[in-house]
């Protein structure tokens with residue numbers, strides 16, 4: 001090593017060490033330190049893996065949920081196409097399809113509907129498509145090929161199941177269809193099959209182009225296409241039409257609803273991800289920093305000796321950081337892969353708690369992998385910087401005589417028992433280095449706080465509120481046609497079911513809701529079936545829709561159905577309603593079962609004039625009631641409050657609806673639920689009815705609660721492992737570093753049993769502090785953040801709880817005692833003389 005001298009003020013010359021640039025030597029020394037700290041390395045690598053798992057899992061869930069929502073939005077829309085141009089001649093359709101702005105385009109042609117009795121629960125269209133259209137409308141064949149011959153058809157697996165035919169290519173069956181208003185039957189051959197969706201409400205049976213040409217007079221096509229970007233779709237489509245010689249305003253075209261409603265992450269989602277990243281970074285930093293800080297303290301004499309032979313602070317800092325980077329290289333790949341898998345698992349839970357079905361397995365983009373790796377790198381880099389700086393800043397003399405400073409005041413304690421003195425010593429040892437103690441307490445507390453918060457949220461979920469919205473009775477039977485494009489007159493419960501259920505044993509409180517549907521695709525101004533309020537309390541109703549909407553929906557409720565409504569104002573007397581001209585005004589209840597008082601327009605006692613079917617009738621409002629949406633229609637027309645007549649009066653006006661209610665509501669007598677469920681479920685499969693049961697609503701609620709609990713537990717488990725690893729590292733390094741101290745204690749009379757008790761007390765003391773910190777912060781979060789979050793769920797009622805925090809804290813105390821006991825057995829052994837010889 002080169003040396004030089006400098007002139008001091010008193011004329012003497014002093015030698016000084018020049019910086020040593022022997023990087024190869026520092027790298028070798030760094031590698032040797034790694035080999036000498038195998039236990040530390042294992043814990044550090046595991047901590048890096050867990051930190052990477054968390055970063056990667058958050059990134060995977062973020063990307064996967066966005067992709068899943070967007071893809072399933074398209075799936076609900078029925079196709080991946082961005083735009084479609086309708087009612088085109090074949091030559092024009094070909095022009096659109098071949099436009100260079102489209103990266104993919106396809107043609108289709110719908111000529112009629114399928115009329116097979118087995119398919120009454122779905123709307124099935126007869127359609128010809130080219131291969132591109134089939135692929136982009138989720139009709140990728142799993143067997144066979146698209147129809148080519150006139151007698152060939154292709155359909156999905158659900159259609160095959162409903163028809164009750166074999167799923168083998170070549171199967172023959174009778175197809176009943178309606179084309180141009182004429183119904184016909186033909187024997188067709190199954191030539192292709194694609195995977196259908198369970199509970200689908202609309203589907204297609206594909207035919208050959210020759211079949212369409214021969215049987216339909218309608219020769220119009222639809223051309224659909226995909227651009228390379230989803231922005232400004234309307235402008236892009238208009239340009240395509242102009243380029244093809246068409247006028248946009250005179251050409252029927254539309255944009256796929258799935259793309260209209262696709263959104264990038266909103267501010268709330270980005271904020272949640274940002275908070276998650278900060279939380280993970282903090283947890284990872286706490287353990288990795290603590291691991292290297294303790295390691296530096298343990299090896300502080302080595303760093304002091306290096307400084308005496310010329311190592312610069314920068315070189316020592318580099319040496320510590322290099323160890324961290326090598327451990328990062330070992331842990332990062334495993335963490336990324338495991339995080340990807342955990343992220344997909346959490347994504348399933350996240351999607352189950354939403355209105356979307358189970359997502360596909362997500363393979364994140366390279367950017368996501370890189371982002372997770374960068375965040376982990378930053379965490380490790382920051383975590384190693386401060387310990388490296390500490391190692392480089394200590395002077396050689398301080399390093400060679402280093403002992404952890406005791407920052408507590410020494411008090412003489414007399415008359416204490418041995419156990420009391422040992423407990424006091426344990427607390428004093430924690431007080432030696434408050435920074436180290438605080439890091440351990442914080443890293444473990446995060447897991448407790450997270451778990452308590454998640455469990456607190458799920459415990460706020462109110463089953464009664466959830467079930468009350470979705471199921472107002474054990475069974476609520478309605479037509480499945482409400483969820484598909486069928487005529488409103490078809491949206492009723494079949495007469496056969498109504499007749500059968502009246503005779504079924506075990507049925508109680510059977511009630512019916514009637515409605516006279518209007519087909520709104522016709523000119524409503526000329527429809528005498530429209531219900532209108534012409535006057536209120538003798539004053540003519542305003543014709544200005546901004547002031548008052550005179551149009552109303554009219555329902556008929558029998559007495560049992562009326563009992564399931566919530567009275568807001570007045571008193572409901574069904575017998576009196578039937579004797580006089582009384583009506584109820586009904587507004588729909590919110591998800592929480594609340595009535596919109598601001599939207600209320602009528603009060604009990606009001607006199608109203610109703611135009612029903614062209615005849616004006618005078619009524620008195622008996623009461624204002626709140627109706628669950630499950631007892632009305634799936635859409636709202638006209639003003640907020642609908643009109644309810646007693647069923648007998650309603651059926652006098654509309655006798656044709658007597659056998660066709662829109663809702664059939666009933667409960668099951670004890671021990672009859674299973675048999676009634678079996679009957680209703682069997683009937684619903686092929687008869688176009690939809691069933692909501694209280695049991696299903698309860699199961700949906702349990703699924704949502706379990707989803708939140710499972711997601712929270714997985715994250716809390718990972719954070720908990722990180723915290724416990726931190727504690728284990730502290731206990732283990734403490735046992736190694738303090739072997740001489742323990743030997744001295746034994747030499748002055750402390751027994752092996754007392755020493756073990758001291759060691760266990762120290763470990764338990766950490767967890768007692770964790771219990772206090774975690775429980776207090778959990779309680780504070782519960783009355784602030786959790787209360788606010790719970791209020792955002794319509795089916796929640798806030799409840800304060802810290803029981804999960806206390807329960808987990810007790811488990812952590814036990815873990816700490818066990819870890820301390822095991823570490824003591826491994827490291828604090830041997831005789832006093834041997835341990836004293838390990839001083840240097």
**OP:** For the range 219-233, indicate whether the set of residues that are at pLDDT below 90 and part of a helix (DSSP H, G or I) is non-empty.
**Re:** yes
Original post:
Can residue 765 be described as within 28 Å of residue 478 (Cβ to Cβ) and either assigned to a helix (DSSP H, G or I) or modelled with pLDDT of 75 or more (or both)?
Top reply: no
Original post:
In the range 638-661, what count of residues is obtained for those that are touching a residue at least 40 places away in the same chain (Cβ under 8 Å), surrounded by fewer than 24 Cβ atoms within 10 Å (Cβ to Cβ) and part of a helix (DSSP H, G or I)?
Top reply: 5
**OP:** Could you give me the residue pairs with C-beta distances under 6 Å whose first residue belongs to the range 234-250 and is in contact (Cβ under 8 Å) with a residue 40 or more places away in the chain and in the same structural domain as residue 98 (by TED's automatic domain parsing), whose second residue is assigned to a helix (DSSP H, G or I) and surrounded by 10 or more Cβ atoms within 10 Å (Cβ to Cβ) wherever it lies, and which are 6+ apart or on separate chains?
**Re:** 241/248; 244/95; 244/96
**OP:** For residues that are out of contact with any helix residue (DSSP H, G or I) (no Cβ under 9 Å at 6 or more places or on another chain) and part of a loop (DSSP other than H, G, I, E, B), tally how many sit in the range 600-635.
**Re:** 9
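Residues checked against (1) assigned to a helix (DSSP H, G or I); (2) crowded, with 17+ Cβ neighbours inside 10 Å; (3) in the same structural domain as residue 709 (by TED's automatic domain parsing); (4) at pLDDT 85 or above:
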{"residue": "458", "(1), (2), (3), (4)": "yes, yes, yes, no"}
{"residue": "485", "(1), (2), (3), (4)": "no, no, no, no"}
{"residue": "489", "(1), (2), (3), (4)": "yes, no, no, no"}
{"residue": "501", "(1), (2), (3), (4)": "yes, yes, no, yes"}
{"residue": "510", "(1), (2), (3), (4)": "no, yes, no, yes"}
{"residue": "519", "(1), (2), (3), (4)": "no, no, no, no"}
{"residue": "544", "(1), (2), (3), (4)": "no, no, no, no"}
**OP:** Out of 758, 781, report the one residue that is in the same structural domain as residue 423 (by TED's automatic domain parsing), closer than 21 Å to residue 422 by Cβ and assigned to a helix (DSSP H, G or I).
**Re:** 758
Subject >> Residue within the range 734-754 that is touching a strand residue (DSSP E or B) at 6+ places or on another chain (Cβ under 9 Å) and not assigned by TED's automatic domain parsing to the domain that holds residue 290 present >> reply: no
**OP:** State yes or no: is residue 144 within 10 Å of residue 224 (Cβ to Cβ) and at pLDDT 90 or above?
**Re:** no
Subject >> Count of the range 165-191 residues which are within 25 Å of residue 218 (Cα to Cα), part of a strand (DSSP E or B) and out of contact with any helix residue (DSSP H, G or I) (no Cβ under 7 Å at 6 or more places or on another chain) >> reply: 15
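For a quick check of your reading: which strands (runs of 3 or more DSSP E) sit entirely within the range 83-135 and have at least 3 residues that are touching a strand residue (DSSP E or B) at 6+ places or on another chain (Cβ under 9 Å), closer than 22 Å to residue 214 by Cβ and in the same structural domain as residue 248 (by TED's automatic domain parsing)?
Numbers: elements: 83-88, 104-114, 123-129.
In the range 83-135, 104-114, 123-129 are the strands (runs of 3 or more DSSP E) which contain 3 or more residues that are touching a strand residue (DSSP E or B) at 6+ places or on another chain (Cβ under 9 Å), closer than 22 Å to residue 214 by Cβ and in the same structural domain as residue 248 (by TED's automatic domain parsing).
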Subject >> Residues located in the range 800-815, provided they are over 16 Å from residue 446 (Cβ atoms) and surrounded by 15 or more Cβ atoms within 10 Å (Cβ to Cβ) >> reply: 801, 806, 813
**OP:** Quick one: which residue in 146, 163 is in contact (Cβ under 8 Å) with a residue 24 or more places away in the chain, over 27 Å from residue 689 (Cα atoms) and touching a strand residue (DSSP E or B) at 6+ places or on another chain (Cβ under 9 Å)?
**Re:** 146
Subject >> Residues of the range 136-153 satisfying the condition of being in a loop (DSSP other than H, G, I, E, B) and surrounded by fewer than 18 Cβ atoms within 10 Å (Cβ to Cβ) >> reply: 138, 140, 145, 148, 149, 150, 151
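The values are calculated or read from the model by the stated rules, or taken from the named source; none is laboratory data. The model shown is predicted, which means the values in this text are computed figures rather than measured ones. Cβ atoms come from the backbone with ideal geometry, glycine included; neighbour counts cover every protein chain shown.
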